[in-house]
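The values are calculated or read from the model by the stated rules, or taken from the named source; none is laboratory data. Since the model is a prediction, treat every value here as computed from it, not as a measurement. Counting neighbours? That spans all protein chains shown, and the Cβs are built from the backbone with ideal geometry, glycine included. Side chains included, ligands, DNA and RNA excluded: accessible areas come from the protein's heavy atoms. Shrake-Rupley method; radii C 1.70, N 1.55, O 1.52, S 1.80 Å.
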Amino acid sequence: MSANNAFHIAVLAGDGIGPEVMAPAIEVLRKIEQKSDLRFRFTEAPAGANNYLATGKSMPDTTIKLCEEADAILLGACGLPSVRYPDNTEIAPQIELRFIFDLYAGVRPARLIPGVPSPIVGADRRGIDLVVIRESTEGLFASMGKGVVTHEDARETMVITRKTSERLFEFSFRLAERRKARGKPGALTCVDKANVFKAFAFFRGIFDEIAKKHPEVKTDRLYVDACSAMLVKRPWDFDVMVMENMFGDIVSDITASLIGGLGMAPSADIGDKYAVFQPCHGTAPDIMGQGKANPTGMILSAALMLDWLADKHGVESATEAGETIERAVDKVYAGGIKPMEFGGNNGTADITKAVLAAL
């Protein structure tokens, strides 16, 4: 869209509860339009397991073209356990988009919202506010669809390149600097297994090179096993963490579990030009159509999208709008809303209504 404060958003609702959590996020953004100078044009497009069943493709070329033309991409959740490719892997357009648009930085924030239970003793007092940055186009996932399987063994190959690692670390340092400017620690930890694998020693070496360009950012290096143990004891000691794809896939699920679960966790996959925003949870077909899905992760992903659009286009009102959504979500949970995964009675409609009222 032409105006500096008007944005075209590609909407890929997906499968399962994807459409159910996408609708509240769109409602929230429509509410933001009423309260700010921002304007949105939403274009929906098919992607996921249902599209594969209907057409034999995870998403049509028209969806990819739409994503290429849009200012940002909102994605609900894609894939169903019962729908598989011939090699028995799931339909995952969200992963395909990372490769198509070179979305190398997977951003997985984990912030404990007041009133949300955490399994970590003391988290309600100390707080949790960290970000996992997961490289999203190579690592072990570079082997996706290329693995070799015989009767006797199976092999996948991990790939770490200098070009992608340098971009990933520059992105991570910039994020740490932005967080520091907002009053957060602004520290960055490289998480790897450099004591065992040459590829991770290479990864860490590049991190050390980039760190020299950002002396104002405090840095640390941790092995992934030690990092995981520390996360479930003292998560408040962490600010920004950067790691290889598979490690990030696992660690980001751990951090989401510390702040109430995947239903509370937003995410983004960001490249130099394009970005996809989606909740960390899956399609949850077991609760599909029952009004039980928690839309919080999707709503916070929309807030994350606004922050990215603000940074990319220099639109300060988009930053303010994203923060407004976060404050509204905080107010709702502090006020006692309790999603069903926490043992409460509040479903999709209740949470959506409460957030819209808080706005």
Tell me, what is the 1.4 Å probe accessible area of Tyr223, in Å² to the nearest 10?
80
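How large is the convex hull of the C-alpha atoms of the chain per residue, in Å³?
142
Which percent, to the nearest 5, of DSSP beta bridges fully inside the chain are antiparallel?
40
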Could you put Arg162, Arg155, Arg167 in order of accessible surface area, largest first, with the 1.4 Å probe and the full protein assembly present?
Arg155, Arg162, Arg167
Could you order peptides 69-81, 107-119 by the average number of other Cβ atoms within 10 Å of their residues, highest first?
69-81, 107-119
Set the Förster radius R0 to 45 Å, insert the Cβ-Cβ distance between Arg162 and Gln34 as r into 1/(1 + (r/R0)^6), and round the FRET efficiency to 0.05.
0.45
Round to a whole angstrom and tell me the spacing of the C-alpha centers of the stretch 111-148 and the stretch 53-92.
23
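Taking the Cα centre of the chain as origin, work out the dipole magnitude from +1 charges on Lys and Arg Cβ and -1 charges on Asp and Glu Cβ, in debye rounded to 20.
For this selection, approximately 780 debye.
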For the chain, build the charge dipole from Cβ charges (+1 Lys, Arg; -1 Asp, Glu) around the Cα centre, then report which of Pro81, Ile17, Val332 sits farthest towards its positive end.
Val332
As I understand it, the dipole of the chain uses +1 on the Cβ of Lys and Arg and -1 on the Cβ of Asp and Glu, about the Cα centre. Which of Thr255, Leu304, Pro114 lies farthest toward its positive end?
Pro114
So if I take the alpha carbon set of the stretch 135-186, get Rg, then get Rh from the Kirkwood formula, what is the Rg over Rh ratio?
1.28
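Using a 1.4 Å probe on the protein heavy atoms, what percent of the accessible area of the stretch 18-96 belongs to carbon and sulfur?
In the stretch 18-96, the share of accessible area belonging to carbon and sulfur is 49 percent.
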Counting sequence-distant residues (5 or more places) and residues on other chains, those with an amide H built under 5 Å from that of Lys218 are Leu188
Once Lys and Arg get +1 and Asp and Glu get -1 on their Cβ, which of Ala201, Gly186, Val148 lies farthest toward the positive end of the dipole of the stretch 118-259?
Gly186
Take the alpha carbon atoms of the stretch 157-175, find their center, do the same for the stretch 187-252, and report the distance between the two centers in whole angstrom.
12
Per DSSP, loop trypsin sites (Lys or Arg not before Pro) in the stretch 191-226 with at most 13 further Cβ within 10 Å:
Lys212, Lys213
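For the stretch 118-259, what is Rg from Cα atoms divided by 2.2 N^0.38 Å, rounded to two decimals?
1.11
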Could you tell me what percent of the accessible area of the stretch 118-259 is made up of carbon and sulfur, with a 1.4 Å probe and every protein chain present?
56
Per-residue counts of other Cβ atoms within 10 Å, averaged by peptide: what ranking do you get for 26-36, 91-101, highest first?
91-101, 26-36
Can you work out the FRET efficiency for the pair Asn195 and Asp330, with r the C-beta to C-beta distance and R0 = 30 Å, to the nearest 0.05?
0.15
List the extent of the Cα atoms of the stretch 227-357 along each of their three principal axes, largest first, rounded to whole Å.
39, 39, 29
For Glu44, the residues 5 or more places away or on another chain with a placed amide H closer than 5 Å to its own amide H are Val11
